[in-house]
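A short write-up of the structure that comes next.
Read-outs throughout are calculated quantities, based only on the coordinates presented, and are distinct from any laboratory measurement. Because the structure is predicted, anything quoted here is derived from the model rather than measured. A quick note on method: Cβ atoms are made from the backbone with ideal geometry, for glycine too, and the neighbour counts reach across all protein chains shown.
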Ligand SMILES: *Cc1c(COP(=O)(O)O)cnc(C)c1O
């Protein structure tokens, strides 16, 4: 070990960083591994005051998001992606070496990575085979847990969590822990949002993002919805200038009336492509199971997922391998691209050597 490495905190030395799609690389022309929107939106910058520091919480962005989400501006925090929201919650609520977070695999990887970075214990309550919550397992592990992260629609399985289960977790956690519902993909089924439960539950927190349905993954802009007590605590630990002026400028435009209409058109378009891809995949011999999805991706179990992954990779079609997640042996996650990209996937799967024979 180099002497510099010895200087680092032990949990940071032991840390495996989040294996983001960008870090995993690949030489592709069909990028279906990061749940991005297939087309770049166009924006013009309108704010030219780059000599000045930006607002910590840009008023127009906060007001427009509150309006869009149907909550009060005091219930909204904007941050550098929803990922920063995940981390701010741990920083504000979890005592390293004492408190724990709880999450329900297979699910999004950043809850674990953020907790590990801060030396906070990670507990898991694996989902049942239908990918719904194991309420008994959650209840049994509540003691000492400060934050429960739930993801609905869940990444990478694509399903919504049953509203009744969410209410049960909120009931069992009241007075003990925050319940964070990650709604990164909620625009694909906006009626399922729990944002209108905020007035009922002081310990409910909802994560949102502009990265998925709003097609702005490169902007790095996300939101935390919660009651003002929670928001005020998060504001104590957030950086003084989390969003640059151009980010706030573009986020405000994305949340204008036209911006929201455009997002809705994106969602309709991606949903139609998802139905098309689901239909085209279901009769292929290499496909064992397609999990029902309310999102911009499909989780598919293949008879020979390593061959599928490698064959498509070599053709420049980059998917996300989910084999290492609990319960997901043989599974790949396919982001829904444009129609041509969906067709490329199907054509490549139809001509897999030896599998479809
Ligand atoms: C993409 C994603 C995020 C992160 O969103 P950013 O705003 O890009 O940081 C959070 N949660 C889930 C479930 C996601 O899939």
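Of all the strands (runs of 3 or more DSSP E) wholly in the range 114-216, which have at least 3 residues that are in contact (Cβ under 8 Å) with a residue 40 or more places away in the chain and farther than 30 Å from residue 337 by Cβ?
Once the strands (runs of 3 or more DSSP E) in the range 114-216 are filtered for at least 3 residues that are in contact (Cβ under 8 Å) with a residue 40 or more places away in the chain and farther than 30 Å from residue 337 by Cβ, what remains is 145-151.
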(Q) Just checking, does the range 13-34 include any residue being more than 14 Å from the ligand (Cβ to nearest atom), surrounded by 19 or more Cβ atoms within 10 Å (Cβ to Cβ) and not in a loop (DSSP other than H, G, I, E, B)? (A) yes
Q.
Restricting to the range 171-212, name every residue that is within 11 Å of the ligand (Cβ to nearest atom) and within 18 Å of residue 160 (Cβ to Cβ).
A. 180, 181, 182, 183, 184, 185, 186, 207, 208, 209, 212
(Q) Give all pairs with beta carbons closer than 6 Å in which a residue from the range 66-86 that is closer than 13 Å to residue 205 by Cα and in contact (Cβ under 8 Å) with a residue 12 or more places away in the chain meets a residue that is within 8 Å of the ligand (Cβ to nearest atom) and part of a helix (DSSP H, G or I); count only pairs at least 6 apart in sequence or on separate chains. (A) 86/110
Q: Identify all residues within the range 305-320 that are in a strand (DSSP E or B) and under 18 Å from residue 19 (Cα atoms); write none if there are none.
A: 318, 320
Q | the range 67-76: number of residues that are within 16 Å of the ligand (Cβ to nearest atom) and in a helix (DSSP H, G or I) | A | 2
Q. Got a number for residues in the range 219-228 being assigned to a loop (DSSP other than H, G, I, E, B) and either free of Cβ contacts under 8 Å to residues at least 24 places away in the same chain or within 8 Å of the ligand (Cβ to nearest atom) (or both)?
A. 2
(Q) Consider the range 313-342. How many of its residues are without any contact (Cβ under 8 Å) to a residue 60 or more places away in the chain and either crowded, with 17+ Cβ neighbours inside 10 Å or under 16 Å from residue 273 (Cβ atoms) (or both)? (A) 3
(Q) Could you tell me how many of the residues in the range 77-131 are more than 16 Å from the ligand (Cβ to nearest atom), within 23 Å of residue 300 (Cα to Cα) and surrounded by 21 or more Cβ atoms within 10 Å (Cβ to Cβ)? (A) 1
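With respect to residue 268, is the statement that it is free of Cβ contacts under 8 Å to residues at least 12 places away in the same chain, away from the ligand (no atom under 16 Å from the Cβ), closer than 20 Å to residue 183 by Cβ and surrounded by fewer than 21 Cβ atoms within 10 Å (Cβ to Cβ) true?
Working: free of Cβ contacts under 8 Å to residues at least 12 places away in the same chain: yes; away from the ligand (no atom under 16 Å from the Cβ): yes; closer than 20 Å to residue 183 by Cβ: yes; surrounded by fewer than 21 Cβ atoms within 10 Å (Cβ to Cβ): yes.
So residue 268 passes the test.
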Q.
Would you confirm, using the coordinates I've provided, whether residue 304 is touching a residue at least 24 places away in the same chain (Cβ under 8 Å), out of contact with any strand residue (DSSP E or B) (no Cβ under 7 Å at 6 or more places or on another chain) and closer than 23 Å to residue 81 by Cβ?
A. no
(Q) Every residue in the range 136-166 that is under 28 Å from residue 91 (Cβ atoms), surrounded by fewer than 16 Cβ atoms within 10 Å (Cβ to Cβ) and touching a helix residue (DSSP H, G or I) at 6+ places or on another chain (Cβ under 8 Å), please. (A) 139
